[in-house]
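Colleague: I have a structure I would like to understand better, so I am pasting it below and will then ask my questions one at a time.
Every number here is computed from the coordinates shown, using simple stated rules; none is lab data. These figures come from a predicted structure and were not determined experimentally. Cβ placement follows ideal geometry from the backbone for every residue including glycine, while neighbour counts extend to all protein chains displayed.
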Amino acid sequence: MTPSSVVDVPSANSLEKRSLFFDATPLLDDPAALRNRAEQDGYLFFKHFLPTEPLLELRRQMLEICAQRGWLAPGHDLTEGVIDEAAINQVPPEQMRSDIGVSNEAYHAVQKLELFHTIPHHPKLLSLYRNLFGKEVIPHPRHIARMITCHRTVSPTPPHQDFIHIQGTPKTWTCWFPLGHCPREMGSLTVLRGSNHNGAVSVKPAKGAGDLATILCPHEIDWVEGDFELGDILTFNSCTVHRALRSQHRNRIRLSCDIRFQALDEEIHEASLKPHGEYAWDDLYQGWKNPEVQYYWKNHELRLSAWQEKIHWQKERMCT
Ligand SMILES: O=C(O)CCC(=O)C(=O)O
Ligand SMILES: [Fe+2]
């Protein structure tokens with residue numbers, strides 16, 4: 001799975017300061033220190049956090065979905081994820097989910113995978129967020145899989161805050177992890193350290209997932225990044241600005257999951273309880289074995305919040 005040709009990792013702004021993630025693994029046994037670091041930096045990164053077997057199995061299942069649609073280049077092992085650029089570009093733009101990287105129909109098949117919806121309930125993840133929030137937690141069921149390909153409609157995810165898109169409590173945290181080794185030149189995620197302190201920031205239209213980019217001020221240059229190995233996870237607050245690096249390997253699919261956690265007693269917007277995509281839970285759940293990962297949020301009295309449209313309309317930002 002190691003990419004063969006490596007060129008420089010791109011940078012959006014040559015004045016950016018770029019440093020490596022701090023590995024917070026030693027803080028896992030010290031919730032107070034974990035919370036301090038999380039508050040200070042707005043992110044936490046953990047090496048070798050998740051067991052690799054289920055991640056590799058999910059990778060295999062997703063690549064199977066790509067193979068069935070004829071998108072993988074012949075002559076390679078399935079798990080390498082080598083894309084046939086001409087084949088994926090046969091998908092008409094209107095059938096694409098450009099925020100995901102494949103067709104809507106293929107994404108539907110991915111959303112139906114039980115394993116995809118099971119990994120977010122891993123006891124290590126639940127325990128991490130319990131320590132981080134100091135209370136009982138719930139994963140949002142609206143999990144997102146990214147299958148970033150070289151389809152002409154797909155662009156790297158622009159700098160953004162998840163809060164603009166998911167609302168509910170700003171104390172929600174996203175967990176991002178690749179399904180396969182994902183060094184920086186494969187287009188991994190990078191975080192603007194400390195940007196959680198600004199609250200929700202104004203946006204402008206942009207290419208890439210979410211279609212909106214955070215308006216950044218000239219002094220906001222402190223990006224942190226890293227070469228992900230399978231099992232590494234990155235987690236960040238809903239107001240932390242993050243973006244994807246541009247992949248230098250056009251024909252390698254970048255597979256990743258992004259899932260969200262919050263305290264049970266904080267507000268949640270009802271969209272976070274719906275599937276990601278115009279699908280119905282009953283449809284996605286067909287053939288699943290484990291009832292515990294289905295409709296699990298209905299066991300709790302959640303506090304629903306209203307959607308604030310005005311957040312999307314703030315197009316000016318004062319930089320002090
Ligand atoms: O994987 C990507 O390109 C985007 C991920 C993201 O924005 C997130 O995890 O919130
Ligand atoms: Fe995001």
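Colleague: Rounded, prolate or oblate for the stretch 17-313? Axes are the square roots of the Cα gyration tensor eigenvalues, ordered a ≥ b ≥ c, and the cut-off for rounded is a/c under 1.5.
Modeller: Rounded, because the longest to shortest axis ratio a/c is under 1.5.
Colleague: Next question. Neighbour counts of other C-beta atoms within 10 Å: give me LEU126, LEU230 arranged from fewest to most.
Modeller: Neighbour counts put them in this order, fewest first: LEU126, LEU230.
Colleague: May I pose another question? Please list 290-299, 200-209 highest first by mean number of surrounding beta-carbon atoms within 10 Å per residue.
Modeller: 200-209, 290-299
Colleague: If the limit is 21 Å between Cα atoms, which of LYS112/LYS171; LYS47/LYS298; LYS112/LYS274; LYS135/LYS310; LYS124/LYS274 go over it?
Modeller: With Cα atoms farther than 21 Å apart: LYS112/LYS171; LYS47/LYS298; LYS135/LYS310; LYS124/LYS274.
Colleague: Report the equivalent ellipsoid semi-axes for the stretch 268-320 in whole Å, largest first, defined as the square roots of five times the eigenvalues of the gyration tensor built from alpha carbon atoms.
Modeller: Equivalent-ellipsoid dimensions as semi-axes: 34, 14, 10 Å.
Colleague: Hey, another quick one. Would you list, by chain and number, the aspartates and glutamates whose Cα falls below 17 Å from the Cα of LYS207, excluding same-chain residues fewer than 8 positions away?
Modeller: Correct list for LYS207: GLU94, ASP99, ASP162.
Colleague: Let me ask you something else. May I ask for the net charge around GLN111, where only other residues with Cβ less than 12 Å from the Cβ of GLN111 are counted and Lys, Arg are +1 while Asp, Glu are -1?
Modeller: So the environment of GLN111 carries a net charge of 0.
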